[in-house]
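The values are calculated or read from the model by the stated rules, or taken from the named source; none is laboratory data. For clarity, every value in this text was computed on a predicted model and none was experimentally measured. Every residue, glycine as well, gets a Cβ built from its backbone with ideal geometry; the counts of neighbours run over all protein chains shown.
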Amino acid sequence: MLTEVTESLKFLVAFRPGLVSPTLAAQMAATFQRHSEGRLLLNVVVGGETHEQRAYGDYLTKDERYNVLMSSCTSCVRCGRAAP
């Protein structure tokens with residue numbers, strides 16, 4: 001794993017709210033943070049073009065996607081606070 005052979009390399013991972021449950025996303029991020037000693041960066045992608053979102057099975061409007069973003073981020077923060 002790259003985290004074992006690097007010391008300063010950071011890992012940017014795209015996260016699309018609504019495609020993965022917020023709880024699972026928070027758990028995966030927390031696990032990667034532990035293994036990488038805090039070097040995970042998340043790029044939260046709400047999406048842009050309608051055709052791109054449809055390719056992911058997402059048929060929500062942009063406003064609806066932003067509502068999902070807020071709900072997902074709130075859930076992720078709650079999970080982080082509840083973690084040991």
Residue hits (the range 40-56; in a loop (DSSP other than H, G, I, E, B) and without any contact (Cβ under 8 Å) to a residue 24 or more places away in the chain) are 48, 49
Filtering the range 30-62 down to residues that are on the phi > 0 side of the Ramachandran plot and at pLDDT below 90 yields 47, 57
Cβ pairs under 6 Å, 6+ apart or interchain, first in the range 65-78 and touching a residue at least 40 places away in the same chain (Cβ under 8 Å) and under 18 Å from residue 47 (Cβ atoms), second part of a helix (DSSP H, G or I) and polar (S, T, N, Q), ordered by first then second residue, are none
Among residues of the range 46-73 being among the small types (Gly, Ala, Ser) and surrounded by 11 or more Cβ atoms within 10 Å (Cβ to Cβ), the residue farthest from residue 21 (Cα to Cα) is 47
If we keep only residues of the range 8-39 that are in a loop (DSSP other than H, G, I, E, B) and under 12 Å from the mean Cα position of the chain (by Cα), then the residue surrounded by the fewest Cβ atoms within 10 Å (Cβ to Cβ) is 21
